[in-house]
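Report on the structure given below.
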Amino acid sequence: MIDRDAGILPSADERSAPTAAAVPRRIFFADDNEVLISALTRRFSGPVQRVRAFASGENLLDALTRETPDLIVLDLKLPGLSGLDTLREIRRILPKVAVIILTAYGTSDDLESARTLGVFGVVIKKVGLEEELEAAVTRAFLALNR
């Protein structure tokens with residue numbers, strides 16, 4: 001159940017708790033593809049979700065010194081600090097934050113390393129990416145509410 005303006009709709013249990021839907025969720029996206037970041041920012045921004053986008057792992061890590069997101073969507077192939085190295089630093093700084101890996105070129109070794117570091121999920125960049133990512137984000141937020 002997705003509401004295009006607000007991100008995810010609250011579940012039936014959340015609707016009965018008046019403050020659950022009012023709690024803003026913060027999503028950080030790190031990807032160097034400007035077109036993709038622009039599309040994802042538009043799709044996931046809304047009154048219930050706050051979105052910030054970063055073109056590099058270094059910029060994302062710098063922002064983590066000032067703000068803690070609820071979810072990070074991280075591309076494996078970033079300029080400068082790789083997505084995997086960025087993930088290692090994220091785990092050092094925020095060991096419990098939910099991270100979804102986004103990749104078009106990830107090797108099985110890269111994905112196994114990411115899973116070992118405790119990523120919530122992996123989404124492959126392909127046709128239908130936005131819908132698949134939206135489903136993964138919804139699952140992550142539902143898990144956060146437990």
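Based on this model, can you work out whether residue 115 counts as of a type in the set (Lys, Arg), more than 21 Å from residue 145 (Cβ to Cβ) and in contact with a strand residue (DSSP E or B) (Cβ under 6 Å, 6 or more places away or on another chain)?
In short, no.
Taking the range 115-146 as the search range and keeping residues that are part of a helix (DSSP H, G or I) and over 14 Å from the mean Cα position of the chain (by Cα), which one is surrounded by the fewest Cβ atoms within 10 Å (Cβ to Cβ)?
Out of the qualifying residues, it is 116.
Give the residues of the range 58-83 that are of a type outside the set (Asp, Glu), touching a Gly at 6+ places or on another chain (Cβ under 9 Å) and closer than 16 Å to residue 119 by Cα, sorted by residue number.
74, 76, 77, 82, 83
Please go through the range 40-58 and give me each residue that is assigned to a strand (DSSP E or B) and either over 19 Å from residue 81 (Cα atoms) or of a type in the set (A, V, I, L, M) (or both), ordered by number.
49, 50, 51, 53
With (1) modelled with pLDDT under 95; (2) surrounded by fewer than 18 Cβ atoms within 10 Å (Cβ to Cβ) as the list, and residue 75 as the residue in question, which single condition is left unmet?
(2)
Could you go through the range 59-70 and let me know if any residue there is in a helix (DSSP H, G or I), touching a residue at least 24 places away in the same chain (Cβ under 8 Å) and surrounded by 20 or more Cβ atoms within 10 Å (Cβ to Cβ).
Checked against the condition, which is being in a helix (DSSP H, G or I), touching a residue at least 24 places away in the same chain (Cβ under 8 Å) and surrounded by 20 or more Cβ atoms within 10 Å (Cβ to Cβ), the range 59-70 yields at least one hit.
Working only within the range 8-39, note down all residues that are basic (Lys, Arg) and either in a helix (DSSP H, G or I) or modelled with pLDDT of 90 or more (or both).
Correct list: 15, 26.
Determine which member of the set 77, 96 is in contact with a strand residue (DSSP E or B) (Cβ under 8 Å, 6 or more places away or on another chain) and in a loop (DSSP other than H, G, I, E, B).
Matching residue, one of 77, 96: 77.
The values are calculated or read from the model by the stated rules, or taken from the named source; none is laboratory data. Small disclaimer: the values here were computed from a predicted structure and weren't measured. FYI the Cβ positions are ideal-geometry reconstructions off the backbone, even for glycines, and counts take in every protein chain you see.
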